[in-house]
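Here's the structure we're looking at; comments come further down.
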2 protein chains.
Amino acid sequence: MPGEFDFIDWIRSQVPSSPLVQTGIGDDLAVLKWDPADLLLVGVDQVLDGVHFDSAKHAPDLIGRKVINRNLSDCAAMACLPATAVATVALPRKSVVTPFSEMGSLLIFCQQLFLGMKQAADAFDCSIVGGDTASWDGPLAMTVTILGRSAGITPLTRSGAKAGDGIYVTGPLGGSILGRHLTFTPRIHLARQLAATGNVTAMIDLSDGISRDLRHICRQSNVGAILDANAIPIHDDALTLAREDHLAPLHHALHDGEDHELLLTGQLAHDTLITRIGTIVEGDQILLRHHDRTVPLDARGWEHVL
Amino acid sequence: MPGEFDFIDWIRSQVPSSPLVQTGIGDDLAVLKWDPADLLLVGVDQVLDGVHFDSAKHAPDLIGRKVINRNLSDCAAMACLPATAVATVALPRKSVVTPFSEMGSLLIFCQQLFLGMKQAADAFDCSIVGGDTASWDGPLAMTVTILGRSAGITPLTRSGAKAGDGIYVTGPLGGSILGRHLTFTPRIHLARQLAATGNVTAMIDLSDGISRDLRHICRQSNVGAILDANAIPIHDDALTLAREDHLAPLHHALHDGEDHELLLTGQLAHDTLITRIGTIVEGDQILLRHHDRTVPLDARGWEHVL
């Protein structure tokens, strides 16, 4: 069944190169040579009721925070500084019933949503400069478009990984569904600190799970990878979830989405801020090495099926 | 009942000024001093199934065209040149049933959607540089974020109209629902030609109908307006629609949305490209002068009620 990747590959084949565009479709953000001295990065992400949040369960300020932070995490993935954002909100007309009635009015709900967005944006000096609101018969849907600037650091893409590079993550993984998917902090400062070393060759933020996001780096860099199962840092939430669903904690660390830690490749010194989890190799296979066997790592993370 | 305007007013009150932002929330696009020699304009618009189009009736390439052209029309309103766009598509999971089944697969539907977008963007040398696709249990929803550049012409806003200015439109109005809401051409070249005269004081594109869009100019310029009922150019579609629904053709010309002609104020010479329809006055009233009486013009255009 064709998936999101196929569609994106097809779109890339349709779009000609442009002198304005340094990096186009297929990375976390596009890189534009707007002001040649300070590159402009732009990208958009959506959060949808029932997919990325549940408006019956989650507070509107947390939903607002999440939609901004997903986009700020894309800035982290490219090692750029966020500058401004524009947003859309499609509001359900039926919302006078539930859950919004508990909040007095939809206006108050929208204000909470906006304040959650604003607080998250303010934390990284990002101004919300415009948007569009509409109401419809569908569920709550939001998008944020982020504009960032390179500000002295060359943007990192998914396409620079080389055989021999180490593979690293910036924190423990798995089980974000227990709450972290709403409350994570985008790793912007750490991303820029790592990028400034000049030793990072490729970077992505973990939105869909390692098994899928590492595949983006490998595809776009034309390389393979071997991960060390024992080296993957596992979050306590993955342990909690594993006790409930009887899947292995490692399964959650590899396949759960929305960790929003960074996955990067390069030649980096040992550092308490990052954990080495594997090595980039030639070829196109992604393998997982257990102590007694090495197996192909299937992409079980989130992919929207078309 | 609080409406979209109240929410936008409230949001504006929450957002502090920033040295980067020349014009912020409340205009067709935000104006950013990114490269001081060439201002960056940015804005976002959404099109929603059942509100802005009907996926059971409208071909996907026309839907794609509309979402791009709505945004290009915002560029026209500011007299800027479009440069790049990013888009989101939220796809209904249920779409394997109807109407997408007729098209073979959702992938083909998405390709048609994209090709409609691309063709509209190409017509104005605008590159699509990124996006986000997801599937969900809601209806089809799309957004486009547009980045434009001032390219030698000072952006026009809604806030410069002055008492004594003429009020002008660039084409006949009303009845766009009969098809023009999908097939209009953004007035970018005309907008820049008009703005280059230096005699335009405020401009907006007619997305919500004159009775509402003129109100934006008046509110943000702190002025009132008198429109001449006999001078409003009426589109043939408004006449057709009036025969069907027995409303006056003028009613459609004043209150229908999605004409995407330009509404502008200033001191402009007589010109076949524009029609003078009234005069900006002091105060805050918007009046409509018939041959025998002058009445307040109610805002009956589209407003999303919160």
Pairs with Cβ under 7 Å, 6+ apart, first in region A:122-135 and within 16 Å of A:PRO82 (Cβ to Cβ) and more than 7 Å from chain B (Cβ to nearest Cβ), second in a strand (DSSP E or B) and open to solvent by less than 20 Å² (accessible area, probe 1.4 Å): A:PHE124/A:PRO82; A:CYS126/A:PRO82; A:CYS126/A:ALA83; A:CYS126/A:THR84; A:CYS126/A:ALA85
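Give the residue, chosen from A:THR279, A:THR275, A:THR265, that is buried (at least 24 other Cβ atoms within 10 Å of the Cβ) and of a type outside the set (D, E, K, R).
So the residue among A:THR279, A:THR275, A:THR265 that is buried (at least 24 other Cβ atoms within 10 Å of the Cβ) and of a type outside the set (D, E, K, R) is A:THR265.
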Screening B:ASP54, B:ASP38 for residues that are open to solvent by 20 Å² or more (accessible area, probe 1.4 Å) and touching a residue at least 24 places away in the same chain (Cβ under 8 Å) leaves only B:ASP38
Could you check how many residues of region A:241-269 are more than 12 Å from A:LEU194 (Cα to Cα) and outside any helix (DSSP H, G or I)? 9
Subset of region B:189-217 (residues that are crowded, with 21+ Cβ neighbours inside 10 Å and among the aliphatic types (A, V, I, L, M)): B:ALA191, B:LEU194, B:ALA195, B:VAL200, B:ALA202, B:MET203, B:ILE204, B:LEU206, B:ILE210, B:LEU214, B:ILE217
Unique residue being within 14 Å of chain B (Cβ to nearest Cβ) and either touching a Leu at 6+ places or on another chain (Cβ under 7 Å) or not aliphatic (A, V, I, L, M) (or both) when the list is A:GLU258, A:GLU244, A:GLU282: A:GLU258
Provide a single number: the residues in region A:105-121 that are at the interface with chain B (Cβ under 7 Å from one of its Cβ atoms) and more than 24 Å from the chain's Cα centre (by Cα). 4
Evaluate region A:104-116: report whether one residue or more is at pLDDT below 95 and assigned to a strand (DSSP E or B). no
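Look at A:PRO60 and say whether it is open to solvent by 20 Å² or more (accessible area, probe 1.4 Å), over 17 Å from the mean Cα position of the chain (by Cα) and not acidic (Asp, Glu).
no
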Only unsatisfied item for A:LEU91, checking (1) assigned to a helix (DSSP H, G or I); (2) at the interface with chain B (Cβ under 9 Å from one of its Cβ atoms); (3) in contact (Cβ under 8 Å) with a residue 12 or more places away in the chain, is (1)
Please find, within region A:218-243, the residue that is surrounded by the fewest Cβ atoms within 10 Å (Cβ to Cβ) out of those that are closer than 30 Å to A:THR23 by Cα and more than 19 Å from the chain's Cα centre (by Cα). A:ASN222
For region A:12-58, how many residues are in a helix (DSSP H, G or I) and under 19 Å from A:ILE204 (Cβ atoms)? 1
For region B:219-230, indicate whether the set of residues that are acidic (Asp, Glu) and farther than 30 Å from B:ASP6 by Cβ is non-empty. yes
Identify, by number, the condition in (1) touching a strand residue (DSSP E or B) at 6+ places or on another chain (Cβ under 7 Å); (2) open to solvent by 10 Å² or more (accessible area, probe 1.4 Å); (3) β-branched (Val, Ile, Thr) that A:VAL144 doesn't meet. (2)
Provide a single number: the residues in region A:5-15 that are facing chain B (nearest Cβ under 8 Å), open to solvent by 30 Å² or more (accessible area, probe 1.4 Å) and of a type outside the set (Asp, Glu). 4
Tell me, which residue of region A:17-44 that is over 24 Å from B:PRO36 (Cβ atoms) and of a type in the set (A, V, I, L, M) is modelled with the lowest pLDDT? A:ILE25
The one condition in (1) modelled with pLDDT of 95 or more; (2) assigned to a helix (DSSP H, G or I) that A:ASP6 fails to fulfil: (1)
Test: B:ALA299 is at pLDDT below 95, closer than 14 Å to B:LEU206 by Cα and crowded, with 19+ Cβ neighbours inside 10 Å: yes
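The values are calculated or read from the model by the stated rules, or taken from the named source; none is laboratory data. Note that this is a predicted model, so its numbers are computed, not measured. Don't worry about glycine lacking a Cβ; one is built from the backbone with ideal geometry, like all the others, and counts go over all protein chains shown. Quick note on the areas: whole protein, heavy atoms, side chains included, nothing else; ligands and nucleic acids left out. Shrake-Rupley method; radii C 1.70, N 1.55, O 1.52, S 1.80 Å.
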